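Student: Okay, here's the structure, questions in a sec.
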Amino acid sequence: MNPDIFLDLGKIPPQATDIEEAVLGAMIIEPVCIDLVNEILPSVAFYKDSNRIICEAIYSLKKSGNPIDLLTVIEELKRIKKLDEIGGPYHLTQLTNTIAGSYHVEYHARIVLEKYLSREVIRLSYESLKNGFDERMSVDDLITENQKELTRLIEMVAGNNNRSLIDIISQSLDEIHKAKENPEKAFGVPTPIMELNDVTGGWQKGDLIILAGRPSRGKTAFALANIRSACEAGKSAIVFSIEMKDTQLMKRLIWSFGFDPDEAGGIVSRWNLDIDEKTNIGVPYIINNCRAIKRMKGLDFVVIDYLGLMDLPKGDNRAYQIGDITRALKNMAKELDVPVLLLCQLSREIEKRGNKKHELSDLRDSGNIEQDADIVLFISRPFLDGTLFDKNDESTELLTVLEIAKNRNGKCPVTIKTRHNEKVNYYTDWSTQEYKGYFGGSQPDAF
């Protein structure tokens, strides 16, 4: 806590140093209560520096498995050269002499925590006020930093609320039985490809899915097909389009129906879909918008097109910056309990290989992408890579290949053949027949 804040405000910080000392004395006299205090109270919560140092020494002894009493705490403070700083052995003796026992230590610890949280709320409010007037700081960064700090404080208020193992097992078994009785309800966000659905069970809540490919291989088109599948299943979706205009995406969606565009537009108008078309956006903007939509009307599916065009966090190393983005998006997927489909480019290394086979190392800029992803899906067009016919002498013009190169919770590797008629901009399983669309398979230039 910066004391200048309270000097500026002309106020005395919330504190209870006498109760802090009661908590420390209780831990020294009756070490059995240390675990209880530790669950409630981090050492940083002590207002008085000497009390914080003593608490850190006690926690350190406990962590290392050493016995804890007045003498061992004195020796630990000697070891870290802090004994004189806290007032010497006399001060520690006074702590233990004025405490009768640990009867109310939990209640006292919570008082100390409340005082600390009050100071932190004041600090956060004061810093938010100052940062709000700082024109160098973006609103997104300001909101994100505030939310991060508030989340930390909320977690401290909540304390250790880990559920019991029995509760977790009970809920897990309940979900397994429900999935067996009604598979449709247990299914995730559906994709347009049945074979892909069989492998993944649909896109699952909390997963970060990477869709990667070289330019013009159908990443955006396949992402839109997934949005259509999600919305047709009654899911709420949002796509962050950093590369294309919202009208371009919408025309592609309308065209994918293959019939009267006016009728298709009427269908799409009833979807629970948001299209956010902006350039120069970063992770804070995406996270804040998704949180707001989740809170206001629910959110089931997030698509981001694409990673390479996102604003990078501060830093000098691009690989680390990209890693910060994917880690934040994975955390968002878990926090909001939604699948996140993130499009990204592959490096040119694949073009140097004779077999044109994708490898996870081809993910451009960072191995952290592979690390953070739950599923990595490569997309390719053999026809564009010079393979005009497959081994059965069948044309590959409409063939798009999906390769599941990583699947944290399922089968891998898996290669899936899909049929893509780019004239109507939709994907189906390879076994299905192509359809030509409302204009007989000739897409108007306006689309």
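The values are calculated or read from the model by the stated rules, or taken from the named source; none is laboratory data. Remember, it's a predicted structure, so these values are computed and weren't measured experimentally. Cβ sites come from the backbone with ideal geometry, for glycine too, and all protein chains shown count toward neighbours.
Student: Being among the aliphatic types (A, V, I, L, M) and modelled with pLDDT under 85 is the filter; apply it to region 362-387 and report the residue that is nearest to I325 (Cα to Cα). Show your work before the answer.
Tutor: Going residue by residue through region 362-387, those that are among the aliphatic types (A, V, I, L, M) are 363, 369, 373, 375-377, 379, 384.
Still in the list and also modelled with pLDDT under 85: 363, 369, 384.
Values: L363: 14, I369: 9, L384: 31 Å.
Per the criteria, the residue is I369.
Student: Report yes if L211 is crowded, with 18+ Cβ neighbours inside 10 Å, in contact with a Leu (Cβ under 9 Å, 6 or more places away or on another chain) and outside any strand (DSSP E or B), otherwise no.
Tutor: Against the criterion (crowded, with 18+ Cβ neighbours inside 10 Å, in contact with a Leu (Cβ under 9 Å, 6 or more places away or on another chain) and outside any strand (DSSP E or B)), L211 does not qualify.
Student: For region 220-227, does any single residue satisfy the condition of being free of Cβ contacts under 8 Å to residues at least 60 places away in the same chain, under 30 Å from N409 (Cβ atoms) and not basic (K, R)? Show your work before the answer.
Tutor: Here is the first cut: in region 220-227, the ones free of Cβ contacts under 8 Å to residues at least 60 places away in the same chain are none.
Within region 220-227, not a single residue is free of Cβ contacts under 8 Å to residues at least 60 places away in the same chain, under 30 Å from N409 (Cβ atoms) and not basic (K, R).
Student: Considering only region 71-88, state which residues are surrounded by 13 or more Cβ atoms within 10 Å (Cβ to Cβ) and within 15 Å of I29 (Cα to Cα).
Tutor: Hits for region 71-88 are T72, V73, I74.
Student: I'd like the full set of residues that are crowded, with 18+ Cβ neighbours inside 10 Å and outside any helix (DSSP H, G or I), limited to region 55-70.
Tutor: I68
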